[in-house]
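**Q** Let me begin by handing over the structure; questions about it come next.
The values are calculated or read from the model by the stated rules, or taken from the named source; none is laboratory data. What you are looking at is a predicted structure, and each value in this text was computed from that prediction instead of being measured. For neighbour counting, all protein chains shown are included, and Cβ atoms are generated from backbone atoms with ideal geometry for every residue, glycine included. Side chains included, ligands, DNA and RNA excluded: accessible areas come from the protein's heavy atoms. Shrake-Rupley method; radii C 1.70, N 1.55, O 1.52, S 1.80 Å.
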Amino acid sequence: MDPKNVETGAWAPGKVAELLGVSPVTLRSWSARYGIGPSAKATGRHRRYSDADVRRLQHMQRLVARGMPVREAAGTAFAASPAGPPEVPAARRVRELEDAAEELRSASVAGLLDETLGTLGPAAAWTDVLAPVLRGLGDRWQRGELCFASEWALTTEISLAYERFSRGFPAAVPGRPVLLACCPAERHSLPMEALRATLAEAGIPVAYLGQLVPAETVADLAARLDPVLVLLWSLAPPTADDLLAARVRDLGRVVGTAGPGWQHLGDRGFARVNDLASAMELAVEYAEA
Ligand code: B12
C-alpha cells in the first residue's frame, strides 16, 4: 500500500481476489450485484481497485464475518463516507492476524499487515497489534503448543511488510545515520525492524544491519559510516554482547543498548532503551544534535 496517497489504484482485480482469499468470479459478482467495483482509472482493458477500495472490501468481509448479510455489508462498507471505513479495533486486527497466520493464508497476512501499517503507522502498529500477536505466539510456545509454522509464516511476513513500508518513503536526506544492529548471536530482529520503519517514516537516516551481525561487521561499519548513534539489540541475556558495545565506544561512537537482554548487566555507561518510544527519542536526540 503506497503510504503517500490512497487513490493510486495499484490493485488489479486478480491481486485483490488473492488478497481477500476469494475467487475473481466472486469479486466480479460483488461488483455486478452490489455496485462495488474498481473505482480507479483503468490501465489496459481492466479497471483497477484503489487502496481505499481494498480497505472497504476488507471492511465488508469483516462485517460478513460478523454475520451481516453480504448486500448489507457491501452497503455499509461502501457507504459514501469520505473518511472511508470506520476505525478497526486493535483487538480485531490482532485476532484477524492470528487467524490468518494460523491458517497459513500468507497473502491475507500480507494484506492485513500492509493495511495495518498504512492505517496506524509503523509504531502504533507495533505496540497495539504486532507485539501483542507475537507475545501471544510466545505464550503458546511456552505452553508447549507447536506453532512453529504460523510463527515463521507470520514473522517472515512482518519483516517483508516493514520492508515494503520503509521503502515507501523517499530516502532521508543523506547524513550521518543511526546504525541499528542485532548482537552477533541475536536472531530476534522484529523490534529493530519496527524501529527502522519508524525512523524511515520520520525521515531520519538509518542503516539497519539485520540479525546475527558479526562483531567485525558492526565495528567496521561503525567506523566507516560515522553514525550519530549505534544501537545494539539483544532480546535475551545470552546474546547481550557488552564487549562489542565497549569496542564500538572505543571507536569514539555513541553506543546505546536496546532490549531486555541487557537488563542483567547493570549500568555500563551506555544509554539504555527498552521500548519503541524511548528508542525513537534517543535516535531523534542524536540525529538532531
Ligand atoms: C518472533 C520470535 C521468533 C522468530 C524471530 C523472527 C525475527 N525476525 O525476529 C523466530 C521464529 C525466528 C524465533 C526463533 C527462536 N526463538 Co523466538 N520468539 C519470537 C517471539 C514470538 C517474539 C520476539 C519479539 O519480537 N519480541 C518483542 C515483543 C513482541 O515482545 P515483548 O515482550 O512485548 O517485548 C519486550 C521487549 O522486547 C521490549 N520491546 C518491545 N518492542 C520493542 C521495540 C524496541 C525498539 C525496543 C528497544 C524494545 C522493545 O519491551 C517488552 C518488555 O520488555 C518471542 C516471544 C516474546 N514474547 O518475545 C519468542 C522467544 C523470544 N523465542 C524464544 C526461543 C527460545 C527461540 C529459539 C531458540 C527457538 C528454537 N529452539 O528454535 C529460536 C532461535 C533464536 C536465536 N538463535 O536467537 C524464546 C526465548 C527464551 C529466552 N529467554 O531466551 C521466546 C521468549 C519464546 C518462548 N516463549 O519461550 N523466535
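**Q** Report, ordered by the first and then the second residue, all pairs with beta carbons closer than 6 Å, sequence separation of six or more or different chains, a first member in region 252-278 that is touching a residue at least 60 places away in the same chain (Cβ under 8 Å) and small (Gly, Ala, Ser), and a second member that is within 14 Å of the ligand (Cβ to nearest atom) and open to solvent by 30 Å² or more (accessible area, probe 1.4 Å).
**A** Hits for this filter: GLY259/LEU235; GLY261/LEU235; GLY261/ALA236; GLY261/PRO237.
**Q** Just to be sure, is ARG143 more than 22 Å from GLY259 (Cα to Cα) and crowded, with 16+ Cβ neighbours inside 10 Å?
**A** In short, no.
**Q** To continue, here is another question. Taking the stated definitions as given, is GLU186 among the acidic types (Asp, Glu) and within 14 Å of the ligand (Cβ to nearest atom)?
**A** yes
**Q** Could you count how many residues in region 110-141 are among the aliphatic types (A, V, I, L, M), at pLDDT below 95 and within 8 Å of the ligand (Cβ to nearest atom)?
**A** So the answer is 1.
**Q** Taking region 206-219, which residues are part of a loop (DSSP other than H, G, I, E, B), under 20 Å from ARG164 (Cβ atoms) and open to solvent by 30 Å² or more (accessible area, probe 1.4 Å)?
**A** Matches in region 206-219: LEU209, GLN211.
**Q** If you don't mind, there's one more thing I want to ask. What residue, among those in region 146-183 that are open to solvent by less than 40 Å² (accessible area, probe 1.4 Å) and assigned to a loop (DSSP other than H, G, I, E, B), is modelled with the highest pLDDT?
**A** Across region 146-183, the extreme among qualifying residues is CYS183.
**Q** Which of the following residues is away from the ligand (no atom under 16 Å from the Cβ) and crowded, with 23+ Cβ neighbours inside 10 Å: ALA222, ALA197, ALA240?
**A** ALA222 is the lone residue from the list that is away from the ligand (no atom under 16 Å from the Cβ) and crowded, with 23+ Cβ neighbours inside 10 Å.
**Q** With the requirement that a residue be more than 10 Å from the chain's Cα centre (by Cα) and not in a helix (DSSP H, G or I), what does region 86-128 give you?
**A** Of everything in region 86-128, those that are more than 10 Å from the chain's Cα centre (by Cα) and not in a helix (DSSP H, G or I) turn out to be PRO86, GLU87, VAL88, PRO89, GLU103, LEU104, ARG105.
**Q** List the number of the failed condition for LEU231; all other conditions in (1) open to solvent by 60 Å² or more (accessible area, probe 1.4 Å); (2) in contact with a Gly (Cβ under 9 Å, 6 or more places away or on another chain) hold.
**A** Condition (1) is where LEU231 drops out.
**Q** I need a count of the residues in region 243-276 that are out of contact with any Phe, Trp or Tyr (no Cβ under 9 Å at 6 or more places or on another chain), near the ligand (Cβ under 8 Å from one of its atoms) and part of a loop (DSSP other than H, G, I, E, B).
**A** 1
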